[in-house]
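Heads up, the thing below is written out as structure tokens.
Derivation of every value follows stated rules applied to the coordinates shown; laboratory data play no part. What you see is a predicted model, and the numbers here were worked out from it, not measured in a lab. Methodologically, a virtual Cβ is constructed for each residue, glycine included, from the backbone with ideal geometry; neighbour enumeration extends over all protein chains shown.
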């Protein structure tokens, strides 16, 4: 296979905004679901999802060129393994990346300030609180990767009877899955009251949902989990979150931070692009090893181990 030319390299990066928008459009239309039963013509799809046939064909043709959908015959498309993912939590990501996040990322500048408030007139979290459908989509998207995160948490050395507080735990899917793997644990999901959740599923798993803001207080527990939360915040608010947790924690409490650790060097890593996304949306940041250590220690936590995907700390 020949190496990618510099021109192709730049083109693949520059067209990224179009690709994100195209994925968001077809996902929102429900095209992946419409193709669940097998190949269909663009005419049939356009009639079912109520959109312009020619434009839909052009969207699908472009996406198929990158392996998302496949054109089996002229004007006849079917799902691929990639487009099948859009029928679940990846569809939520497609909606966000192709919608509100797409608009905000287009306003990214070199000032270090988030672009979302300038685009939408308020910060992302305040906007999300007023948009119940977007909130539900956001919570659905955050389920993506739960299995990997649970695998990491389940491998931690557990006493077996701890109370685990999932701070900013969203709909509770992470903690429900963890308790399924470690049934002796007790769980508390702590998040904003507008979080979309299944109370019955939480209760059946042995979890309680407590509403509140992690800037104000958190419930008492033995182990605190912050899963993909701190990268949404700059250093000052992240410090406040960690100090709030530390104030509630007993001296023997542990902290488990499920986050990426940005590696040194020029190698590819998702966190390097996630860093720009959270900067545009929230003024957040992805962090490297030294930055994680400094952040934790300043807030009263002593790092025990820092690995890409899971950081363990104890009270100082």
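With coordinates expressed along the principal axes, the C-alpha atoms belonging to the range 146-315 extend over 46, 32, 30 Å, beginning with the largest. In whole angstrom, the range 6-85 maps to an equivalent ellipsoid with semi-axes of 22, 13, 12, each derived as √(5λ) from the alpha carbon gyration tensor and ordered largest first.
When each of the peptides 211-218, 3-10 is scored by how many other beta carbons lie within 10 Å of its residues on average, the order from highest to lowest is 211-218, 3-10.
Hey, what number do you get for the chain at 222 nm if only DSSP H runs of n ≥ 4 count, each worth -39500 (n - 2.57), divided across all residues, to the nearest 500?
Values: 17 runs with 151 residues, N = 316.
It comes out at -13500 deg cm²/dmol, rounded to the nearest 500.
May I ask for the distance between the Cα centers of the range 159-176 and the range 126-146, given as a whole number of Å? So the separation of the two Cα centres works out to 19 Å. When restricted to Cα atoms, the range 205-292 yields an Rg and a Dmax of 14.6, 44 Å, respectively.
Against the main long axis of the alpha-carbon atoms of the chain, helix 53-64 sits at an angle near 60°.
For residue 82 and residue 248, what is the calculated FRET efficiency with R₀ set at 41 Å and r taken between the beta-carbons, to the nearest 0.05? If you can, show how the numbers build up before the last one.
Details: r = 42 Å, r/R0 = 1.03.
Efficiency, from the Cβ-Cβ distance: 0.45.
Which whole-number percentage describes the relative contact order of the range 41-146, with Cα contacts under 8 Å and a sequence gap of 6 or more?
Details: 86 pairs, mean separation 19.0, N = 106.
Computed value for the range 41-146: 18 percent relative contact order.
Give the relative contact order (percent, whole number) for the chain; include only Cα pairs under 8 Å separated by 6+ residues. Before the final figure, lay out each step's value.
Values: 532 pairs, mean separation 41.4, N = 316.
Computed over the chain, the figure is 13 percent.
Extension gain for residue 307-residue 155 works out to 53.4 nm (0.36 nm per residue, less the C-alpha to C-alpha distance). The angle between the Cα long axis of helix 132-141 and the longest principal axis of the Cα atoms of the chain comes to about 80 degrees, rounded to the nearest 10. Taking each residue as 0.36 nm, the span from residue 126 to residue 49 lengthens on full extension beyond its C-alpha to C-alpha distance by 24.6 nm.
Computed over the range 6-85, relative contact order equals 28 percent, with contacts defined as Cα pairs under 8 Å that lie 6+ residues apart. A P(r) calculated from all alpha carbon pairs of the chain, with 20 Å bins opening at zero, reads 29, 54, 16, 0 percent.
Assuming a viscosity of 0.692 mPa s and a temperature of 37 °C, what translational diffusion coefficient in µm² per second does Stokes-Einstein assign to the range 126-192, Rh being the Kirkwood radius over Cα pairs?
Taking Rh from Cα pairs, D becomes 255 µm²/s.
Protection proxy ranking for 181-194, 107-120, 222-235, using the average of other Cβ atoms within 10 Å per residue and placing the highest first: 222-235, 181-194, 107-120. Computed packing ranks the peptides 41-50, 133-142 as 133-142, 41-50, most packed first, by mean other Cβ atoms within 10 Å. Rounded to 0.05, the FRET efficiency of the residue 208 and residue 273 pair, given R0 = 45 Å and the Cβ-Cβ distance, is 0.80. Helix 235-248 and the longest principal axis of the Cα set of the chain meet at an angle near 50°. When every alpha-carbon pair in the range 156-234 is counted, what percent end up more than 21 Å apart? Here the long-distance tail beyond 21 Å is 21 percent of all Cα pairs in the range 156-234.
I'd like the projected area of the range 88-171, averaged over all directions, using the convex hull of its alpha carbons. Report it in nm² with one decimal. Don't skip to the end; give the middle numbers.
Details: hull surface 30.3 nm².
Answer in nm², one decimal: 7.6.
Could you run the Debye sum over the Cα atoms of the range 254-297, one equal point scatterer each and no solvent, and tell me log10 of I(q)/I(0) at q = 0.13, 0.18, 0.19, 0.20 Å⁻¹, two decimals? Debye curve over Cα of the range 254-297, log10 I(q)/I(0) at q = 0.13, 0.18, 0.19, 0.20 Å⁻¹: -0.30, -0.57, -0.63, -0.69.
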